[in-house]
Amino acid sequence: MIKIAPSILSADFANLERDIRRVAAADYLHVDVMDGSFVPNITIGIPVVAAIRKVTELPLDVHLMIDRPLRYVEQFCQAGADIVTVHVEADTQENTQRALALIHGQGKRAGVVLKPGTPAEAALPFLDSCDIILVMTVEPGFGGQKFMADMMPKLERLRSWIDERNPSCELEVDGGVDPVTCKTVIASGANVLVAGSAVYGAEDIPGRIRELRG
Ligand code: DX5
Ligand code: ZN
């Protein structure tokens, strides 16, 4: 089954509770955390995750676009994240392994994220300790960017390694997913689709979520 994770980066932050309720038909709620250092934008932090936790039953899929996420993963778990993903580019391999272990130690699901310029192989050291792998199909930092179709070979390779070595691991894509590109990412093996502007820009949000399932 294909899961949809609307990104609240495209929501109206002045009406966040209303906009979270509008995506109740989805599977996860995607929360983009940016620190102004790992990416050139600053968004949501720990207190906002804790506030969101109180107004939705959806699992919170927290995408950390921050340097050395090891420092904060436990706090995000305690604030109510259900899934926490960290970028492989944000620290050493050893510290990324430690971050995944800390997330698991909190009883939460953990994963790694690959930027567009990072090869599929960068996920291999973490494959056995991940519940989810996230492939960026735009440069992280902003919503509403153009989908990078050239990421599909990377997605296909990750899908085959996941099927061989850790079949319960989910494969997520983030960036430029819309009613057309969703078909491409599903065909390439993704099973969790993040969508910000395509969901929040739709007239009929539940209808759009259905459409994105392919
Ligand atoms: C970008 C974020 C995405 C963003 C996706 O750095 O990680 O989650 O919200 O937005 P769309 O779906 O509009 O590309
Ligand atoms: Zn994201």
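The values are calculated or read from the model by the stated rules, or taken from the named source; none is laboratory data. For clarity, every value in this text was computed on a predicted model and none was experimentally measured. Cβ placement follows ideal geometry from the backbone for every residue including glycine, while neighbour counts extend to all protein chains displayed.
So for segment 200-207 (the condition being within 12 Å of ligand 1 (Cβ to nearest atom), touching a residue at least 60 places away in the same chain (Cβ under 8 Å) and more than 17 Å from the chain's Cα centre (by Cα)), does at least one residue qualify? Looking through segment 200-207, at least one residue is within 12 Å of ligand 1 (Cβ to nearest atom), touching a residue at least 60 places away in the same chain (Cβ under 8 Å) and more than 17 Å from the chain's Cα centre (by Cα).
Among the residues that make up segment 113-127, is at least one of them surrounded by fewer than 14 Cβ atoms within 10 Å (Cβ to Cβ), charged (D, E, K, R), within 16 Å of ligand 1 (Cβ to nearest atom) and at pLDDT 95 or above? No; the residues of segment 113-127 include none that is surrounded by fewer than 14 Cβ atoms within 10 Å (Cβ to Cβ), charged (D, E, K, R), within 16 Å of ligand 1 (Cβ to nearest atom) and at pLDDT 95 or above.
Determine whether Ala90 is more than 15 Å from ligand 1 (Cβ to nearest atom) and either modelled with pLDDT of 95 or more or touching a Leu at 6+ places or on another chain (Cβ under 9 Å) (or both). No: the conditions fail for Ala90. Does Glu164 satisfy the criteria of being surrounded by fewer than 19 Cβ atoms within 10 Å (Cβ to Cβ), over 22 Å from Tyr28 (Cα atoms) and away from ligand 1 (no atom under 11 Å from the Cβ)? Taking the combined requirement at face value, the residue satisfies it. So which pairs qualify, if the first residue must be in segment 127-146 and in contact (Cβ under 8 Å) with a residue 24 or more places away in the chain, the second must be of a type in the set (D, E, K, R) and away from ligand 1 (no atom under 14 Å from the Cβ), the Cβ gap must be under 7 Å, and the two must be at least 6 apart or on different chains? Final answer for the pair search is Leu127/Arg165; Asp128/Arg165; Asp131/Arg109; Asp131/Glu170; Ile132/Arg109; Ile132/Glu170; Val135/Lys154. For the condition within 15 Å of ligand 1 (Cβ to nearest atom) and modelled with pLDDT of 95 or more, what is the one hit in Val23, Val55? Just a single option satisfies the conditions, and that option is Val23.
Between Leu60, Leu29, Leu9, Leu64, the distinction of being farther than 15 Å from Gly141 by Cβ, within 14 Å of ligand 2 (Cβ to nearest atom), touching a residue at least 12 places away in the same chain (Cβ under 8 Å) and in contact with a Ser or Thr (Cβ under 7 Å, 6 or more places away or on another chain) belongs to Leu29 only. When Leu193, Leu102, Leu171 are screened for being part of a helix (DSSP H, G or I) and either more than 15 Å from ligand 1 (Cβ to nearest atom) or under 17 Å from the mean Cα position of the chain (by Cα) (or both), only Leu102 passes.
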